[in-house]
């Protein structure tokens with residue numbers, strides 16, 4: 001007599017017998033916890049061939065996780081994916097927002113993320129296992145709960161809902177469809193609808209990437225054998241051109257600084273000044289910078305968990321002055337752990353008001369990172385190895401996106417023209433400009449020496 005476990009592993013399924021349904025043939029097979037029903041075959045032989053193929057694939061793959069691709073809709077699969085994958089994803093908020101669009105349209109509970117606290121000196125927070133870091137606690141809340149929208153955004157949200165009506169219709173249909181039935185042209189229809197509704201290429205690419213990851217995860221981790229190919233692969237997407245080269249000049253920075261003086265929040269100006277003097281990402285000083293991680297003697301701010309992981313930020317004298325002023329403020333709470341206890345929304349709103357008041361157009365807060373990287377490039381004569389440490393980029397390709405030298409800058413160097421302080425990247429001062437000009441000035445040559453360029457020309461003659 002077989003042991004029950006051995007009997008389960010060695011059982012041979014009963015042969016599938018196709019049956020007639022209307023004018024076509026169908027079959028139903030149950031194996032390893034899955035019931036697969038297929039219809040619409042022209043003959044019993046065609047139905048039998050497909051049944052044998054599916055049965056063999058199920059046997060080869062093993063018992064699938066959850067209910068399988070024929071009994072799980074896309075929206076339900078997104079719920080399971082969110083539960084299993086989002087806790088370990090640092091940027092899970094963006095994926096959660098995209099997933100929740102499908103869950104709301106499908107009437108399912110939506111994802112709620114709560115940040116898991118890290119270890120602090122007080123010892124009151126949970127210490128994470130470095131081998132399996134989780135950033136978020138994932139839970140689900142009813143989707144019919146009214147979403148709180150501030151009055152200033154209500155008009156914008158209504159216009160956005162009307163604009164995306166076609167896309168949301170396809171999202172709803174896709175979310176209610178079994179995973180096994182999704183084919184590439186359905187996702188291509190979604191992409192085309194997003195283009196028609198005015199979504200940007202980057203937004204379209206991110207939503208497609210999220211769906212493609214879902215189907216890959218179902219195939220690799222859940223052992224789902226359908227669909228046979230990832231429907232998110234090979235789609236025709238609009239080209240993404242999100243390269244930004246905007247630099248804030250010294251003249252613009254002076255206008256912005258004057259406008260920012262009207263802000264009542266005492267952390268707005270220090271936050272923006274730190275971004276300009278360190279080239280940090282906006283989230284780094286706001287969310288990750290703590291007083292206990294500031295080494296005054298080494299002039300270094302240690303970030304434990306930035307976008308690209310932990311890193312040390314070198315601080316120039318002006319950045320240290322900003323931090324020293326913040327630290328010595330009487331109104332600062334003695335036990336305040338964060339250097340900038342404010343929010344990104346507050347800083348962004350103040351920046352937008354200052355830009356409007358100062359007449360500075362098309363300038364984003366993130367442009368300060370571009371501005372600082374370009375300024376440091378000029379100050380350090382293009383020493384990219386040092387620049388990578390300052391900006392925290394892992395590769396030169398990433399760094400190059402933030403060094404926004406223009407043809408005019410090259411012409412200035414080629415013709416020995418001075419760079420005026422007003423047009424220079426914000427933070428590049430006159431004394432530093434003078435040093436750079438002296439360093440770039442050609443040395444005097446004896447009158448009897450022909451410059452190399454002329455020498456080459458004469459040799460050709």
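The values are calculated or read from the model by the stated rules, or taken from the named source; none is laboratory data. Values in this document were obtained by computation on a predicted structure and should not be read as measured data. For neighbour counting, all protein chains shown are included, and Cβ atoms are generated from backbone atoms with ideal geometry for every residue, glycine included.
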Discussion item. Yes or no: the range 360-371 includes at least one residue that is in the same structural domain as residue 260 (by TED's automatic domain parsing), touching a strand residue (DSSP E or B) at 6+ places or on another chain (Cβ under 6 Å) and at pLDDT 90 or above.
Written reply: yes
Practice prompt. State all residues of the range 71-91 that are in a helix (DSSP H, G or I) and farther than 18 Å from residue 208 by Cβ; if no residue qualifies, say none.
Written response: 76, 79, 80, 83, 84, 86, 87, 88
Item to complete: Please verify whether the range 38-47 includes one or more residues that are more than 19 Å from residue 182 (Cβ to Cβ) and in contact (Cβ under 8 Å) with a residue 24 or more places away in the chain.
Response: yes
Fill in: Unique match (being in contact (Cβ under 8 Å) with a residue 24 or more places away in the chain and farther than 25 Å from residue 303 by Cα) among 392, 422
422
Worksheet item: Which residues, taken from the range 51-70, are assigned to a helix (DSSP H, G or I) and surrounded by 17 or more Cβ atoms within 10 Å (Cβ to Cβ)?
Response: 51, 54, 55, 58
Discussion item. For the range 356-385: of the residues being in a helix (DSSP H, G or I) and out of contact with any helix residue (DSSP H, G or I) (no Cβ under 8 Å at 6 or more places or on another chain), which is surrounded by the most Cβ atoms within 10 Å (Cβ to Cβ)?
Written reply: 374
Item to complete: Could you please find all residues in the range 308-323 being out of contact with any helix residue (DSSP H, G or I) (no Cβ under 7 Å at 6 or more places or on another chain) and more than 19 Å from residue 269 (Cβ to Cβ)?
Response: 308, 309, 310, 311, 312
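The rows are residues; the columns are (1) outside the structural domain of residue 372 (by TED's automatic domain parsing); (2) farther than 27 Å from residue 360 by Cα; (3) in a helix (DSSP H, G or I); (4) touching a helix residue (DSSP H, G or I) at 6+ places or on another chain (Cβ under 7 Å).
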site	(1), (2), (3), (4)
255	no, no, yes, yes
273	no, no, yes, yes
277	no, no, yes, yes
285	no, no, yes, yes
292	no, yes, yes, no
298	no, yes, no, no
302	no, yes, no, yes
305	no, yes, no, yes
Practice prompt. Only residues that are outside any helix (DSSP H, G or I) and loosely packed, with under 13 Cβ neighbours inside 10 Å: list them for the range 386-398, please.
Written response: 394, 395
Discussion item. Which residue is modelled with the lowest pLDDT, if the candidates are limited to the range 399-416 and must be exposed (fewer than 12 other Cβ atoms within 10 Å of the Cβ) and assigned to a loop (DSSP other than H, G, I, E, B)?
Written reply: 416
Fill in: Condition check for residue 259: surrounded by 15 or more Cβ atoms within 10 Å (Cβ to Cβ), touching a residue at least 12 places away in the same chain (Cβ under 8 Å), touching a helix residue (DSSP H, G or I) at 6+ places or on another chain (Cβ under 7 Å) and in the same structural domain as residue 341 (by TED's automatic domain parsing)
yes
